[in-house]
Amino acid sequence: MKDKTVIITGAARGLGQKYAIEFAKLGSNVVFADISSCDETEDKIKKITSNYLNLDLDVTNFNSCLKLADSAKSKFKSIDVLINNAALYGALKSSRFEDIDEDQWDKAMNVNVKGVWNCIRAFIPSMREQKSGSIINIASLAALYGMPYAADYAASKAAVLGLTRVVAREVGKDNIRVNSVAPSMVYTESAKEFLGEKAERGFEVISKSQILQKTLEVDDIYGTVLYLASDQSKFVTGQTLMVDGGSVLL
């Protein structure tokens, strides 16, 4: 991954921040962006490399996505990997499907589905021009398991899986790969916010339902993302890789 340009959305904290740090350690050009401040991420990245960009991004706004793509292309010339990590999760209120606030439903779809679509179509021209690229969409176990009391989130991530497969078929002729990673609940601030006061008990229950009975940590996902970003997976596209300790067996 040395000298490859990697774009990470939703990189202010948690998984996105982890991806940015680890790719920087490998010598990649790292572009990290979020609607929230990425200053904390930048403080960690600049100790590793000077080859980075810290940019503002609203994935629901296509022009914002285009600005990100143009800035990355201008500085680093090539666009090799796009990690669509930005999503609404911790801010969503858990409730029965019939009780979900309509505004919350729309926000989940706008960020988690439209946001992925916007970023892909902003970056795909550069990848088509260079006849290469890897797009990695961060989905969720919720989409395949049918996560109760999170119908909006689960439905949005199911849409990401469908979008992944469609785009993979449409861009394969340009040697662009599109895949998804579907983790179970990761021990992050967002997950703890979503579970609220029952967070620790929730993680315990989830881990006991898995074949590998441990809580999924941020470090446990990065290897799968790296595999899909690198040439080690150059004949893998349209796939969903589960990182869930064996909750769903595909």
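The values are calculated or read from the model by the stated rules, or taken from the named source; none is laboratory data. Here the structure is a predicted model, which is why all the values come from computation and not from measurement. Cβ atoms come from the backbone with ideal geometry, glycine included; neighbour counts cover every protein chain shown.
Keeping to segment 213-235, report how many residues are of a type outside the set (D, E, K, R) and assigned to a loop (DSSP other than H, G, I, E, B).
Taking segment 213-235 as the starting set, the residues that turn out to be of a type outside the set (D, E, K, R) are 213, 215-216, 218, 221-230, 232-233, 235.
Narrowing further to those that are assigned to a loop (DSSP other than H, G, I, E, B): 213, 215, 218, 230, 235.
Going through segment 213-235 one residue at a time, the tally reaches 5.
Is it the case, given these coordinates, that S95 is in contact with a Lys or Arg (Cβ under 6 Å, 6 or more places away or on another chain) and of a type outside the set (D, E, K, R)? First the steps, then the outcome.
On the way: in contact with a Lys or Arg (Cβ under 6 Å, 6 or more places away or on another chain): no; of a type outside the set (D, E, K, R): yes.
Considered against the rule, which asks whether it is in contact with a Lys or Arg (Cβ under 6 Å, 6 or more places away or on another chain) and of a type outside the set (D, E, K, R), S95 comes out as no.
For segment 132-151, indicate whether the set of residues that are over 30 Å from I206 (Cα atoms) and more than 17 Å from the chain's Cα centre (by Cα) is non-empty. Talk me through it step by step, then tell me what you get.
Of all residues in segment 132-151, those over 30 Å from I206 (Cα atoms) come to 132-134.
The next check asks that each one be more than 17 Å from the chain's Cα centre (by Cα); those that pass are 132.
Within segment 132-151, one or more residues are over 30 Å from I206 (Cα atoms) and more than 17 Å from the chain's Cα centre (by Cα).
Go through segment 18-64 residue by residue and tally those that are in contact with a strand residue (DSSP E or B) (Cβ under 8 Å, 6 or more places away or on another chain) and either under 21 Å from S78 (Cβ atoms) or modelled with pLDDT under 95 (or both). Talk me through it step by step, then tell me what you get.
Quick first cut of segment 18-64, residues in contact with a strand residue (DSSP E or B) (Cβ under 8 Å, 6 or more places away or on another chain) only: 19-20, 23-24, 28-35, 38-39, 41-42, 45-46, 49, 51-57, 59, 64.
Subset that is either under 21 Å from S78 (Cβ atoms) or modelled with pLDDT under 95 (or both): 19-20, 23-24, 28-33, 45, 49, 51-55, 57.
So the answer is 18.
This table checks each residue for (1) in contact with a Ser or Thr (Cβ under 7 Å, 6 or more places away or on another chain); (2) surrounded by fewer than 18 Cβ atoms within 10 Å (Cβ to Cβ).
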{"residue": "L212", "(1), (2)": "no, yes"}
{"residue": "L216", "(1), (2)": "yes, no"}
{"residue": "G223", "(1), (2)": "no, yes"}
{"residue": "Y227", "(1), (2)": "yes, yes"}
{"residue": "T240", "(1), (2)": "yes, no"}
